[in-house]
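J.: Sharing a structure with you now.
Please treat every number below as a calculation from the coordinates, not as lab data. Keep in mind that this is a model prediction, so the values were computed, not measured. FYI the Cβ positions are ideal-geometry reconstructions off the backbone, even for glycines, and counts take in every protein chain you see.
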Amino acid sequence: MASKFQVPRGTRDILPGESERWDRLESSTRDVMSRYGYREVRTPIFETTDLFVRSVGEATDIVRKELYTFEDRKGRSLTLRPEGTAPLVRAYLEHSLGQVDPLTRLYYVGPMFRYERPQAGRYRQFWQIGAELLGPGAPAADVEMIDLFFWILRAAGLEEITVHVNSLGDATCRPVYRERLREYFAARADELCGDCKERLKTNPLRILDCKVPSCQPVIRGAPSVLESLCDACREHFDTVRAGLTALGIAHETAPRLVRGLDYYTRTVFEAYASQLGAQNAVGGGGRYDDLVRDFGGPATPAIGFSIGMERLLMATGPLEIGAAARPDVCVVARDPSATWEALKFARSLRGVSRYGAGESLRVMVDPGGRSASAQLKWASKIGARYAAFVPPDPDGHPVRDMEAGKDEVKQESADSLRGWLLQRRGSAPQEAPR
Ligand code: AMP
């Protein structure tokens, strides 16, 4: 139906039918996070602009072209968060979370904002799930992180997961590699796109991440970072791969994997889902051993990942409006004077208590003051299993099986009907989750 207004470019509405899938993804995520001992942090969706410029990196696409930056009424420069790690590290330091547990395990779920060219699986507001482990620098921390990453994806229903891993080296060996790359690309600058010519000056590693087709042959011939790793970084990377193998996590070494943010050191990883194609990672992460210190904190190694929720949902089913929510029962007022009774009866059937405990029944009422036959028609349109009538007959409330179109035994009270419905549901064949 026409409206004068549309959703802003690059954003989307999450509608009923789809929102239940989001709910399930969030629940499975929170469940797995909690099993691994990760606890949630909710940071503001905007931060001071500096936080992102200094961490994500001035030469990255995110900072150069994609930030939603604005001034508030006092002239402070603020930015809608384009990613979740920098805000979490800020909060970690601001609240001294490292003192509560020197191995700090944190996670977040929330929207991120990047001014990107919208296309399938690429939005200007998109959601991420992310986890960060701050404190341990040992390779086993990388393995735990990738294991968690893998099981979050698995619990969300993703079947075929390919994890790519690489090492970007550290402050000792990365400059050596960067120089080798610069020399290699400088000799072939004519074959590079305009952006890559620029990256050659600012950060040649970024060229490896370029998606422009004409750059690909040059990128394929570039020297591998693995040949430039110092002994410590090589050993770290070998141990991470051995750990992944020991845990049975299928992985491939991907020497061109660099990721789009500047703060990574040593291990980086990404996951691909066969449904999304090779261009679109479902998630990725890496080690960032220098970021906490760069923010003014003590030297604290750390590693984390983020997963794009739209991409994960696209990889596990279609993103579209689903069917109406099927009620277990619709309460039908036989007469407009029974409206309050219908609402009250429905409330008793739902069984909501202070802590929301007890089995849940979905109970709906047509509050439109329409005839009983119109209410029944509506109940049937939305797929109600049963209809229950108020006020009751002398021998109880009539209950109609909507699918079979026949009346069942009358029920004396809301309580007895509730018990009867729950029992029916318990013995009914398992339906698809809704
Ligand atoms: P990044 O923070 O760039 O490492 O991205 C991590 C994950 O977030 C990616 O693998 C995607 O799944 C998702 N993602 C990043 N940018 C977007 C976007 N513009 N739209 C949708 N998902 C995105």
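J.: Looking at region 262-380 from every direction and averaging, what is the projected area of its Cα convex hull in nm²?
T.: Working: hull surface 55.6 nm².
Approximately 13.9 nm², given one-decimal rounding.
J.: Sort Lys406, Lys4 so the one with the fewest other Cβ atoms within 10 Å of its own Cβ comes first.
T.: Final ranking by Cβ density, sparse to dense: Lys4, Lys406.
J.: Quick one: what are the phi-derived ³J(HN,Hα) couplings along region 327-339, Karplus 6.51/-1.76/1.60 with θ = phi - 60°, whole Hz, x for glycine and proline?
T.: x, 5, 8, 10, 9, 10, 7, 5, 8, x, 5, 9, 4
J.: Quick check for region 314-412: number of Lys pairs with alpha-carbon distance under 21 Å, counting only pairs 8 or more apart or on different chains? If you can, show how the numbers build up before the last one.
T.: Values: Lys344/Lys410; Lys377/Lys406; Lys377/Lys410; Lys381/Lys406.
Taking the Cα cut-off of 21 Å, the pair count is 4.
J.: Got a sec to turn the phi values of region 65-80 into Karplus ³J(HN,Hα) couplings, 6.51 cos²θ - 1.76 cosθ + 1.60 with θ = phi - 60°, whole Hz, x for Gly and Pro?
T.: Karplus values, whole Hz, x for Gly and Pro: 10, 10, 6, 8, 10, 8, 9, 7, 5, 9, x, 7, 8, 10, 9, 5.
J.: So between Ala59 and Thr202, what do we pick up on full extension, going 0.36 nm a residue minus the alpha carbon distance?
T.: 50.9 nm
J.: Moving on. Set Lys and Arg Cβ to +1 and Asp and Glu Cβ to -1, take the dipole of the chain about its Cα centre, and tell me which of Pro16, Leu97, Val163 lies farthest positive.
T.: Selected residue: Pro16.
J.: Still on this model: Starting at the first residue of region 139-149, write each ³J(HN,Hα) from the Karplus equation 6.51 cos²θ - 1.76 cosθ + 1.60 with θ = phi - 60°, in whole Hz, x for Gly and Pro.
T.: x, 5, 5, 5, 5, 4, 4, 5, 5, 4, 3
J.: What is the Cα centroid distance between region 253-284 and region 103-154, reported in whole angstrom?
T.: Spelled out, the Cα-based centre of one part sits 12 Å from the other.
J.: Helix 372-381 versus the longest principal axis of the chain: what angle, 0 to 90°, nearest 10, using Cα atoms?
T.: Helix 372-381 sits roughly 30 degrees off the main axis of the chain.
J.: Right, another one. State, to one decimal in nm, how far the label point of Ser27 lies from the label point of Lys74, with both points 7 Å from Cα in the Cβ direction.
T.: Here the modelled spin labels are 4.3 nm apart.
J.: So, with +1 on the Cβ of K and R and -1 on the Cβ of D and E, and no other charges, what is the size of the charge dipole of the chain about its Cα centre, to the nearest 20 debye?
T.: Computed charge dipole of the chain: roughly 1000 debye.
J.: Report the FRET efficiency, 1/(1 + (r/R0)^6), for Glu341 and Gln6, where r is their Cβ-Cβ distance and R0 is 41 Å, rounded to 0.05.
T.: Calculated transfer efficiency: 0.45.
J.: Next up: Normalised by the number of residues in region 279-414, what is the relative contact order in percent for Cα pairs under 8 Å and 6+ residues apart?
T.: 20 percent
J.: Also: Where does the chain land at 222 nm, in deg cm²/dmol rounded to the nearest 500, when only DSSP H runs of n ≥ 4 count, each adding -39500 (n - 2.57), divided by all residues?
T.: Counting only the DSSP helices, I get -10000 deg cm²/dmol.
J.: What residues have an amide H closer than 5 Å to that of Ser167, excluding those fewer than 5 places away on the same chain, when H is modeled at 1.01 Å from N in the peptide plane?
T.: Under 5 Å from the amide H of Ser167 lie the amide H atoms of Val268, each far enough along the sequence or on another chain.
J.: Something else: Under unit Cβ charges (Lys, Arg +1; Asp, Glu -1), what dipole magnitude, rounded to 20 debye, does region 297-361 have relative to its Cα centre?
T.: Roughly 200 debye, rounded to the nearest 20.
J.: Also, quick follow-up: Quote the Stokes-Einstein diffusion coefficient, in whole µm² s⁻¹, for the chain, based on the Kirkwood radius over alpha carbon pairs, a temperature of 25 °C and a viscosity of 0.890 mPa s.
T.: 97 µm²/s
J.: While we're looking at this one, here's another question. Any idea what the dipole of region 95-235 comes to, in debye rounded to 20, about its Cα centre with Lys/Arg Cβ at +1 and Asp/Glu Cβ at -1?
T.: Numbers: 18 positive and 19 negative charges, 142 e Å.
Magnitude of the dipole: close to 680 debye.
J.: Using amide H atoms built 1.01 Å from N in the peptide plane, name the residues 5+ places from Thr265, or on other chains, whose amide H lies under 5 Å from its own.
T.: For Thr265, the qualifying residues are Arg287, Tyr288, Asp289.
J.: So what is the relative contact order of the chain, in percent, for Cα pairs below 8 Å that sit 6 or more residues apart?
T.: Computed over the chain, the figure is 15 percent.
J.: Considering the options Thr267, Thr339, Met402, tell which one lies farthest towards the positive end of the dipole of the chain, charges being +1 on Lys and Arg and -1 on Asp and Glu at the Cβ, about the Cα centre.
T.: Thr339
J.: Still on this structure, please answer the following. List the residues whose amide H sits under 5 Å from the amide H of Cys173, counting only those 5 or more places along or on another chain, with H placed 1.01 Å from N in the peptide plane.
T.: Distant-sequence amide H within range of Cys173: Cys230.
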